[in-house]
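Here's the structure, in structure tokens; my notes come after.
Laboratory data are not the source of any read-out in this text; all were calculated from the coordinates shown. Quick caveat: nothing in here was measured; it's all calculated off a predicted structure. Heads up, the Cβs are rebuilt from the backbone with ideal geometry, glycines too, and the neighbour counts pull from every protein chain shown.
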Amino acid sequence: MAGRLAQIAPGVLVATSEIFTTTTTVVVSPGGGCLVVDPAVTVADLAPLAAELAERGLRPRAGFSTHPHWDHVLWHAALGDVPRYASPRAVQVALRERDALMAAAGEDAPGHDPALFGRLVPLPGGATEIPWDGPAAQVVIHDGHAPGHTALFLPDTGTLIAGDMLSDIEIPLLDLAGPDPAGDYRAGLERLAALPGVRRVVPGHGHACGAAEFRRRVSADLRYLDRLALGEPFGDARLTQDWLRRDHHAQVRHAAGG
Ligand SMILES: [Zn+2]
């Protein structure tokens with residue numbers, strides 16, 4: 001079950017699920033609306049999240065999914081019938097891989113309403129911000145980690161909602177099905193690193209941090225990619241769980257050409 005929403009910046013609330021230390025971010029509009037980013041993970045996380053938003057007088061106006069992985073395309077009826085945006089590429093992949101994504105969700109977080117699972121709408125063509133009446137939320141779309149992966153940057157508070165990058169507890173996880181997994185990841189990371197005015201970061205999994213730790217995570221992830229490019233086994237302080245070690249070994253094998 002998610003912890004209650006904690007304010008990490010004015011008008012930016014974060015809840016953290018026990019499963020995979022997954023974050024849900026809520027951006028508050030002064031008018032009583034809110035934008036709900038990557039609501040996750042279990043049904044037992046999402047029902048109280050919706051209840052807490054109602055208690056706080058916040059009505060979801062829109063949702064956003066950072067990328068087409070099962071734990072980032074969830075919703076709950078109590079969050080309301082609002083547009084749930086994602087990048088056009090992310091929407092395509094979520095549609096194409098819907099059955100596999102739903103099966104994966106069923107293993108770790110059963111009971112989600114299939115009618116709501118992955119029902120995303122593409123951002124309007126050429127959009128640089130989420131179309132809503134709250135604080136500006138700029139989109140940074142790249143293909144690192146997943147096709148059409150999108151970070152949100154809130155310039156008013158310097159908040160970067162990074163999606164599945166810049167984690168303190170996960171290594172860079174590449175999209176090994178993509179044409180250039182490490183190159184796409186590096187390109188996305190460099191886009192985030194180049195954003196001016198980042199004062200805090202919310203990763204999709206792990207812990208929110210400030211500007212100095214943001215720089216440290218960028219460096220750690222670039223160093224990981226540099227070492228990966230050598231195609232030889234290496235360690236990383238974040239390899240604390242079996243699934244991470246498995247993915248790490250697969251990435252090293254892939255980098256080695258196998
Ligand atoms: Zn992911």
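Points worth noting:
- Considering residues of region 64-102 that are among the small types (Gly, Ala, Ser) and within 16 Å of the ligand (Cβ to nearest atom) only, the residue surrounded by the fewest Cβ atoms within 10 Å (Cβ to Cβ): Ala100
- Residue match in region 49-57 (condition: in contact with a strand residue (DSSP E or B) (Cβ under 7 Å, 6 or more places away or on another chain), touching a residue at least 24 places away in the same chain (Cβ under 8 Å) and on the phi < 0 side of the Ramachandran plot): yes
- Any hit, region 107-123, residues being among the β-branched types (Val, Ile, Thr) and crowded, with 21+ Cβ neighbours inside 10 Å: no
- Residues within region 17-26 that are in contact with a strand residue (DSSP E or B) (Cβ under 6 Å, 6 or more places away or on another chain) and within 16 Å of Ala50 (Cβ to Cβ), tallied: 3
- Considering region 1-29, the residues that are in contact with a Pro (Cβ under 8 Å, 6 or more places away or on another chain) and crowded, with 23+ Cβ neighbours inside 10 Å include one that is farthest from Ala136 (Cα to Cα), namely Ala2.
- Against the numbered list (1) within 13 Å of the ligand (Cβ to nearest atom); (2) part of a loop (DSSP other than H, G, I, E, B), Gly126 comes up short only at (1).
- Test: residue in region 174-192 that is on the phi < 0 side of the Ramachandran plot and part of a strand (DSSP E or B): no
- Of the numbered criteria (1) touching a strand residue (DSSP E or B) at 6+ places or on another chain (Cβ under 8 Å); (2) within 16 Å of the ligand (Cβ to nearest atom), the one Gln138 fails is (2).
- Considering residues of region 212-230 that are in contact (Cβ under 8 Å) with a residue 40 or more places away in the chain and hydrophobic (A, V, I, L, M, F, W, C) only, the residue surrounded by the most Cβ atoms within 10 Å (Cβ to Cβ): Leu228
- Exclusive hit being surrounded by fewer than 20 Cβ atoms within 10 Å (Cβ to Cβ) and of a type outside the set (Phe, Trp, Tyr), set Arg61, Arg56: Arg56
- When residues of region 143-168 are limited to those that are among the β-branched types (Val, Ile, Thr) and outside any loop (DSSP other than H, G, I, E, B), the one farthest from the ligand (Cβ to nearest atom): Thr159
- Test: residue in region 110-122 that is under 25 Å from Gly144 (Cα atoms) and in contact (Cβ under 8 Å) with a residue 60 or more places away in the chain: no
- Filtering region 30-47 to residues that are out of contact with any strand residue (DSSP E or B) (no Cβ under 7 Å at 6 or more places or on another chain) and either farther than 14 Å from His112 by Cα or crowded, with 23+ Cβ neighbours inside 10 Å (or both) leaves Pro30, Gly31, Asp45, Leu46.
- Within the set Ala90, Ala104, the sole residue that is out of contact with any helix residue (DSSP H, G or I) (no Cβ under 8 Å at 6 or more places or on another chain), outside any loop (DSSP other than H, G, I, E, B) and closer than 22 Å to Gly206 by Cβ turns out to be Ala90.
- Output for region 182-204, where each listed residue is within 15 Å of the ligand (Cβ to nearest atom) and either surrounded by fewer than 21 Cβ atoms within 10 Å (Cβ to Cβ) or over 26 Å from Ala40 (Cα atoms) (or both): Asp184
- All positions within region 231-251 that are over 15 Å from Pro181 (Cβ atoms) and touching a residue at least 12 places away in the same chain (Cβ under 8 Å): Glu232, Pro233, Phe234, Asp236, Arg238, Leu239, Thr240, Leu244
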